Amino acid sequence: MKINRILIIVLLNVLLFFNIFTACNKNTDKNLSIDLSSSSNLAISKKWVVINTAYAAFRSSYSENARIEAPGRLGDVYCIEGHHITKDNENWYLFDKGWLSSSSIIIFDNKLQAEYAAKNLKNK
């Protein structure tokens, strides 16, 4: 009886020993991949805006008198590419379509915030 008990304990220890070492080696041939594509939506290095007027005119320069390059609509989301303050202390922001005055946009820290605000603006 005592020998059976010792034999069972030894067998359990051997199984536990092999289980520990084989468990660490099972996944060595698999590559771990992490999808970080959506993390760019949270990047704080870029600012994002939502157009908060029914219509906004992207301009060729930071002036109301500059040529209109493209239209913008309520709820459109854009990434800020540049910034300029005029002599009159008016803020203008550069986008891929042109310049917009700060009076027609709301600025956000990341794309997800801007998209959420845009959704709420469009549903009003």
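Laboratory data are not the source of any read-out in this text; all were calculated from the coordinates shown. Worth saying up front: this structure is predicted, and the values here are computed from it rather than measured. When we count neighbours, we look across all protein chains shown, and the Cβ atoms used for this are built from the backbone with ideal geometry, even at glycine.
Taking 0.36 nm per residue of separation and subtracting the Cα-Cα distance, full extension of the segment from Ser60 to His83 would add 6.9 nm. Each Lys or Arg adds one and each Asp or Glu takes one away; over the other residues whose Cβ falls under 9 Å from the Cβ of Ser101, this sums to -1. Among Arg5, Arg59, sorting on how many other beta-carbon atoms sit within 10 Å of each Cβ, with the fewest leading, yields Arg5, Arg59. Backbone amide hydrogens, once placed in the peptide plane, bring Thr53 within less than 5 Å of Gly75, excluding anything fewer than 5 places away on its chain. With neighbour counts taken as other beta-carbon atoms within 10 Å, the residues Val14, Val77 rank, fewest first, as Val14, Val77. Checked against a 24 Å cut-off, the cross-linked pairs Lys47/Lys122; Lys97/Lys119; Lys87/Lys119; Lys46/Lys119; Lys97/Lys124 give Cα-Cα distances beyond that limit for Lys87/Lys119; Lys97/Lys124. Cα convex hull, segment 45-122: 78 Å³ per residue, rounded to a whole number.
Scalar couplings 3J(HN,Hα) for segment 10-19, obtained by applying the Karplus form with A = 6.51, B = -1.76, C = 1.60 to θ = phi - 60°, are 5, 4, 5, 5, 5, 4, 5, 4, 5, 5 Hz; x denotes Gly and Pro.
Only counting other Cβ atoms within 10 Å, I'd like Asp109, Asp96, Asp88 sorted with the fewest neighbours first. Walk me through the numbers on the way to the answer.
Numbers: Asp109 13, Asp96 9, Asp88 5.
Listed from fewest to most nearby Cβ atoms, that is Asp88, Asp96, Asp109.
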